[in-house]
Every structure is written in C-alpha cells, then in structure tokens.
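Nothing in this text is a laboratory measurement; each read-out follows from the coordinates by a stated rule. What you are looking at is a predicted structure, and each value in this text was computed from that prediction instead of being measured. Positions of Cβ are backbone-derived with ideal geometry, glycine not excepted, and every protein chain shown enters the neighbour counts.
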Amino acid sequence: MAQSFSWYHHNYLGPTKTEDQLKAKSVPLCSVNDVQLRFLCPDDLEEVRTLCQDWFPIDYPLSWYEDITSSTRFFALAAVYNLTIIGLIVAEIKPFSKLNKEDRGILSESMGRDADVGYILSLGVHRKYRQNGIGSLLLDSLINHLTTAERHKVKAIFLHVLTTNQTAILFYERRGFVLHSFLPYYYSIRGKCKDGFTYVSYLNGGHSPWTLYDHLKYWCSVVVTAGGLCSWLSGRIRSAFRWVCYRTISRFTFTQDN
Ligand SMILES: CC(C)(COP(=O)(O)OP(=O)(O)OC[C@H]1O[C@@H](n2cnc3c(N)ncnc32)[C@H](O)[C@@H]1OP(=O)(O)O)[C@@H](O)C(=O)NCCC(=O)NCCS
C-alpha cells in the first residue's frame, strides 16, 4: 500500500466536481421509498470497495472491507436500489475513554466518564444518485439507532472531514452537526498533508463541555435566582418581625387594661 492507513482517512469528495456538475449528473429516483436499507454482508465486499475507491482517495486495506462487511462491531448500512448498492454509512460506537486525544474534547471528562460516542467512519452516495435524500436517509437511520433507550450512554456522534469537502460540511451542518475542532495536517492524501475538521452532534442529553461563557451565564443565573430568593426571605423576615411586634404590643395593651 502506497500510504499509511488510518481509520480516519476517509473523508474526501474525490476528484473535485462543482455542485452544478453533480446536479447535472444526478438521476432523480422515482421515490426514496424504492430504496431498501439493509446491513452489509461479506458478499458485498467487492461492490463496496468499488464505491469507496470512487468516493475516497485512500486505498483502504482488504481487512478494512472485510471488517465493515462482516463484523457486528460496525453499524454498516447499505441503501439498495434495483438490487445495487447506491449508498452506505459505516459507524461504530466507542467508549469515550478509548478516544484519541484530539477527539476527547467533544465531551467534558465528567460527562464522558461513563459515556459512549458514535463515530462515522464513512458515508457516501453513488454520484448518480446524490441529492435524492439517500445520504439523509442513511444518517437518520444511524441516529435513530443511537437514540434508542438501550443506547442512552451514547452522548455524541462525530466525524472527521477534509476542510475542503464543502458538500459534506454543508450536508452535516444542515443536519445539526457543529464544528468542534480544526485539525491541521490531519490527513495524508497521496503523500500530501491536508487539514481536517471534527464535526459533532449531541444525542441523549449529551452536550459540549462548558466554556468560560457558559460558566459566566450559569453563575449570573444563580445570582439572579438567589437575588429573588433573598427578597422573598427578607419579605418573610419582615412579616415575622411585624407579627412579633403586633403580638408583643397587643399583650402589653391587654396586661395594662387588666
Ligand atoms: C455528502 C453526501 C453523502 C450527501 O449525500 P446525498 O444523498 O446527496 O444527500 P441528500 O440527498 O440527503 O442531501 C443533499 C441535498 O440534497 C437535497 N435533496 C434531497 N432530496 C432531494 C430531492 N428529491 N430533490 C432535490 N434535492 C434533494 C437535500 O435537501 C440536501 O440539501 P441540504 O443539505 O441543503 O438540505 C454525498 O454528497 C457524498 O457521497 N459525497 C462524497 C463522499 C463524502 O464526501 N462523504 C462525506 C464524508 S464524511
């Protein structure tokens, strides 16, 4: 293999085409309902390899294709149209504690302690069938899978993408993913270093670690609430004081009358 392999080296649009060129080439499907979803199986290996070689510039080793088409460790879902795979998404769930250092900032240490996170290794749609909702269908299926009660520990889903992959970046941003970090020289593509971004979306009550601004906002709200509490307390104390004065005076008056 000419270049080093990494699980992460996969987010590349391929030879650059403008959106218009892609639109011109895309074939509208009759309906997204004609597309079936199913998990990958070992027989899909060659078909999946051909698609990935078209979408991504990395020569993944055979073992990678073997893994994603056979291991239950992966959520590897294919969109099939006319008996042909036209799109796929591959993701895995990892314990937060096993993440690489550069990814650990997506959750605070306290939230991450017992949490899992989803990582999208690959998402692609056949060029001819883009802009038909297939990418969204695959991503929604993954998110539905991760938001079931039994996966409540999955607090975030994230991915890496080349900073130049505008189509994918817009696709993810429009689906609620937010930029988390810039990864200079993250990718090695055909011997050249390229920058990447980490994008993240939070699930199951997960949220990003608090920044200084979040802490300020929190303490301001505590002060405002406490301010309300103080005035309520001082009101109560004033009433109690008035009541004690009233009782003392009335007892004094009663004693004098007798
Ligand atoms: C990113 C990618 C997966 C998106 O797949 P896709 O099938 O085109 O995605 P969708 O069709 O669901 O959405 C794309 C756009 O088409 C629009 N669209 C969906 N159905 C449509 C329809 N019937 N008619 C017109 N437009 C439609 C969507 O609204 C969406 O636009 P939006 O993002 O402004 O909302 C695809 O471009 C791709 O395979 N890229 C190459 C590989 C890659 O870079 N992968 C990402 C790396 S992590």
For this session: May I ask you to evaluate 6.51 cos²θ - 1.76 cosθ + 1.60, the Karplus curve with θ = phi - 60°, for each residue of the range 127-143 and list the ³J(HN,Hα) values in order in whole Hz, giving x for glycine and proline?
Result: 3, 5, 10, 5, 6, 10, x, 5, x, 5, 4, 5, 5, 4, 5, 5, 5
Exercise. Ordered by residue, what ³J(HN,Hα) values in Hz, to whole numbers, does the range 188-196 give under the Karplus form 6.51 cos²θ - 1.76 cosθ + 1.60, where θ = phi - 60° and Gly and Pro are x?
Worked result: 10, 10, 6, x, 10, 7, 10, 7, x
Seminar exercise, completed: 1/(1 + (r/R0)^6) with r = Cβ-Cβ of Ile143 and Val223, R0 = 41 Å, i.e. FRET efficiency to nearest 0.05, evaluates to 0.65
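If contacts are Cα pairs under 8 angstrom and at least 6 residues apart, what is the relative contact order of the range 44-191 in percent?
On the way: 154 pairs, mean separation 30.7, N = 148.
After rounding, I find 21 percent.
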Exercise. Leaving out same-chain residues fewer than 8 places away, which aspartates and glutamates sit with a Cα under 18 Å from that of Lys94?
Worked result: Asp67, Glu102, Asp103, Glu109, Asp114, Asp116, Glu150
Problem set entry | Alpha-carbon centroids, the range 59-117 and the range 147-172: separation in whole Å | 10 Å
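How do Tyr60, Tyr65 line up, fewest other C-beta atoms within 10 Å first?
Tyr65, Tyr60
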Exercise. Any idea what Rg and Dmax come out to for the range 74-180 if you just take the C-alpha atoms, in Å?
Worked result: 14.6, 48
Exercise. With charges set only on the Cβ (+1 for Lys and Arg, -1 for Asp and Glu), what does the dipole of the range 54-140 come to about its Cα centre, in debye to the nearest 20?
Worked result: 180 debye
Problem set entry | Quotient of C-alpha Rg and 2.2 N^0.38 Å, computed over the range 143-189 | 1.41
Problem set entry | Fraction of alpha-carbon pairs over 27 Å apart in the range 120-258 - percent | 54 percent
Seminar exercise, completed: Protection proxy (average C-beta count within 10 Å per residue), highest first, orders 234-247, 184-197, 129-142, 146-159 as 129-142, 146-159, 184-197, 234-247
